[in-house]
Every structure is written in C-alpha cells, then in structure tokens.
Amino acid sequence: MKIAYCIGATHNSGGMERVLANKANYLVSKGYEVSIITSDQEGKHPFFPIDARVRQYDLGIGYSANNGKGLINKLLNFPLKQRLHKQRLRSLLEQIQPDITISMFDSEASFLWQLPEGGQKVVEIHFSRFKRLQYMRSGLWGWTDRYRTRLDAKTVSKYRQFVVLTNEDKGYWGNIPNISVIPNANTFEIDKTAKLEQHKAIAVGRLEHQKGFENMIDAWHAVHQIHPDWTLHIYGEGQLRESLQQQIDRLGLSKVVFLERPVQNIVEKYLESSILLMTSRYEGLPMSLLEGQACGLPMVSYTCKCGPKDIITDGENGFLIPEGDVQTMAKKVCTLIEDANLRKLMGQKSKDNSVKFSEASIMKKWEQLFNQIVATK
C-alpha cells in the first residue's frame, strides 16, 4: 500500500514532526511505500531521523516567507501560494499515485480533499478543536481565528476520515460521522526507568505562547524559595527565547532555570530528571507527557484542552492543575520534591500507563484504518 503524508516541514523539532518520523519509519519497516511531501522544507535536513526508504519531496511553496509580515500581507499572498501549492501537489500525487494521502492539517488541508489525484484522503489534527480561539487575539486577527475555527469543521467533514487524538477533543467537534480517535504513540520504547533521585525537573516544547512557559518560570520562582537546590531544564526553541530568558534573569533564577536547545537524545534528559512539568494553554495530545511517562516520571500539568486528562490520573501518576494556577503548580511540585516515595510511586504508575500508548498498539489502529479505507473505496 502507498501512503503519502503532507506537512509543512520536517526540519522543526516539534512533537508533530517527531510523530510523523516515527510513523513513516514504522510503516516502511512493515512493507508500505511511504512518501513525505513538505511545502516549506527550505533545503534543511529533517530534525528527526527518517528511514532512507521513505521518499521525501518538497514543493517549495514559500508560506514561511510571509511569517512576521502581518495579517494583511498574509491575506494578500495566501491565495497565490495556495494556487501554486495545489498545482504542484496535484502533479506530484499523479506521479507517485498513493492509495491514501494524509494531510497533517497544514496548508493543503483546505483543498486536498478536492483533488482527484492521491487516492483516498485523510486529515489528522494534532491540536485541539479550539486551538485558534486560544490564541485570544483581538481585532482582525481575532475575527480571522473565529472564522477559521468555523471553517475547520466544514473542511474536515469533506475527508474520507478525520482523525483526532483524544476522546475529549472528539466531543468538541460535534456530530461529524467520519471522525476517528487514534492517539499518538510513544515516540520511543525504553526498558530503562528514571531513578528520580536527581534534583532536576524537565519541560519540553517550543518556546511559544502555546506552551505557557512564563507560567512555569513563575511557579519555579516559588519552588526556588523553598528548594533552592533543585533546577528546571526547559528543552526547546522558539520566538520567546529572549523574553523568557529576561524573565529568568529578572527573577534571579539564572542559576537554576535553564533554556536548553532541542536535542535528539531527549530520552537521556528525561532519565536524568525527577519531575516533568507542562503549562500549555492548548495541546492535541502532549508528546512530552507521553515521553515522560514512558521514562517513569511523575508529571505536573495544567488541564488544558486537550490531552493531559487522557494521560494523567490526578493523584496517581501525577497532578492535574487548573490552567493558570501558578500557586498550585508550585505547591504540587514541592509535594513531589519533599516526598521521594511518592515520586517513585507515581513514576511507576506512569511507566505502567505508558503501555497503552505503545507503538505497536497505536500503529495497529492506523493499519486497520488504512485497510478499511482501501477495502471500501
């Protein structure tokens, strides 16, 4: 069977790019012919290793050239980019002739379902139904976010299948008959478990508004007053690096809170840590929580839409914190710092829970979906 994935780029270090690399590598190992089609790879190598048997194509559309140039500029240039994207993607799909083409809800999502080329069409979403509204922008940007949120529901209904990550998110989409739930899989299988003895907490994600790291740093300021020997390491890159570093310096945390660059061996960093933190404003299914629990870490996370409640059972393998509640976040971190037995008990619960998200289990769901789609086309 031939499968084609469409995504903006694979040179980013985000969770969606990691998930795609793992899916593609798994499928080619099972005999599938897999292609990854990017629109804006910009000549860069994929951040995560991709099997040489996976065919990679870049359409060179240049959406990213409009980043930072304002909404009006984007609105004027987007139709031209879309037209070019549609033409080049049609030509490529005609060439490679996949049985199923999957949009990862990037720029092609608005038109891929229309194309006669590319076989059956699937769209999968890696963020929650209300992601755009959670930007909380005002004015023309806010109107655009509301419009696109309404448009999203119409768009996904055009596809043969629409795949979301959680049952929580499924409920937000209403009565869409073509919807399926398939969570992300663990991005690695590991026999080791963190010892939870080092005085380190870890967080992983892009340094952007979504992740709410400014809240995490504020919470750590409170933690530091009680436990000055513990450190926080945030692995990620993004446009807020400078402002977050300024916040760290202003709060006198430069010796205990570190903005680390993304690393490919992130599993080693989890294993060196004792607590995992997440303060996101929205998610799809947080890869950092899946990865952390696979390494046996107790977790403290905001209950944002969507995902944390599908992974963390409050009081068992971690703590769920009301979004924005910095004081409770700090309090629960201190609880784990002060009780080594509780850390280890929650860490073991995390490890046990991670089996539900094994690659074999999740990819079996995808293969069943593919077979169903091809058999009933």
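The values are calculated or read from the model by the stated rules, or taken from the named source; none is laboratory data. Everything quoted here is computed from the prediction, not taken from an experiment. Here the Cβ positions follow ideal geometry from the backbone for every residue, glycine too, while neighbour counts run over all protein chains shown. To get the accessible areas, we keep the full protein, side chains included, count just its heavy atoms, and leave off ligands, DNA and RNA. Shrake-Rupley method; radii C 1.70, N 1.55, O 1.52, S 1.80 Å.
For the stretch 325-377, dividing the convex hull volume of the Cα atoms by the residue count gives 99 Å³ per residue.
For the stretch 22-179, the orientation-averaged shadow of the C-alpha convex hull comes to 10.3 nm² (one quarter of the hull surface). If you take all C-alpha pairs in the stretch 260-377, what percent of them are over 16 Å apart? Of the Cα pairs, 63 percent sit more than 16 Å apart. Using a cutoff of 8 angstrom between alpha carbon atoms and counting only pairs six or more residues apart, the relative contact order for the stretch 81-163 works out to 29 percent.
In the chain, taking the dipole from charged Cβ atoms about the Cα centre, the farthest positive-side position among Ala340, Val256, Thr101 is held by Thr101.
At a temperature of 25 °C and a viscosity of 0.890 mPa s, determine how fast the stretch 144-184 diffuses translationally according to Stokes-Einstein, using the Kirkwood radius over alpha-carbon pairs as Rh; express D in µm²/s, rounded to the nearest whole number. Walk me through the numbers on the way to the answer.
On the way: Rh = 10.7 Å.
In µm²/s, the coefficient is 229.
Could you tell me the relative contact order of the chain? Use alpha-carbon pairs under 8 Å, at least six residues apart, and round to a whole percent.
Value for the chain: 15 percent.
Since only Phe130, Trp143, Ser35 are under comparison, the one whose Cα sits farthest along the positive direction of the charge dipole of the stretch 1-159, derived from C-beta charges on Lys, Arg, Asp and Glu, is Trp143. Based on protein heavy atoms only, the stretch 199-276 ends up with 44 Å² per residue of surface accessible to a 1.4 Å probe.
The base-10 log of I(q)/I(0) for the stretch 229-271, evaluated at q = 0.14, 0.18, 0.19, 0.29 Å⁻¹, reads -0.35, -0.56, -0.62, -1.06 [Debye formula, identical scatterers on Cα atoms, solvent excluded].
Quick one, what does Rg over Rh come out to for the chain if you take C-alpha atoms and the Kirkwood Rh? Working shown, then result.
Details: Rg = 20.9 Å, Rh = 21.6 Å.
Reported Rg/Rh, Kirkwood definition of Rh: 0.97.
Working note: Debye formula, equal point scatterers on the alpha-carbon atoms of the stretch 92-246, no solvent; log10 I(q)/I(0) at q = 0.09, 0.11, 0.14, 0.16 Å⁻¹ is -0.47, -0.67, -0.94, -1.07. The ellipsoid equivalent to the alpha-carbon distribution of the stretch 298-360 has semi-axes of 20, 17, 6 angstrom, derived from the gyration tensor eigenvalues as √(5λ) and listed largest first. Using Cα centres only, tell me the gap between the stretch 159-225 and the stretch 22-40 in whole Å. Spelled out, the Cα-based centre of one part sits 23 Å from the other. With the full set of protein chains in place, find how many percent of the accessible area of the stretch 147-191 is carbon and sulfur; take the probe as 1.4 Å. The C+S portion of the solvent-accessible surface of the stretch 147-191 is 46 percent.
Among 355-366, 273-284, 329-340, what's the highest-first ranking by average C-beta atoms within 10 angstrom per residue?
Details: 355-366: 15.5, 273-284: 25.3, 329-340: 18.5.
For the peptides 355-366, 273-284, 329-340, the packing ranking is 273-284, 329-340, 355-366.
Ligands, DNA and RNA left out, the 1.4 Å accessible surface of the stretch 253-377 is 45% carbon and sulfur atoms.
The alpha carbon centroids of the stretch 90-104 and the stretch 277-305 are separated by 33 Å.
Over the Cα atoms of the stretch 200-250, the radius of gyration divided by the Kirkwood radius equals 0.95; this is the Rg/Rh ratio. In sequence order, the stretch 308-323 has phi-based couplings of x, 6, 7, 10, 9, 9, 4, x, 9, 10, x, 10, 9, 10, x, 4 Hz under the Karplus curve 6.51 cos²θ - 1.76 cosθ + 1.60, θ = phi - 60°, and Gly or Pro positions carry x. Thinking of the stretch 195-292 as a set of Cα atoms, what percent of all their pairs are more than 16 Å apart? Of all Cα-Cα pairs in the stretch 195-292, 52 percent lie more than 16 Å apart.
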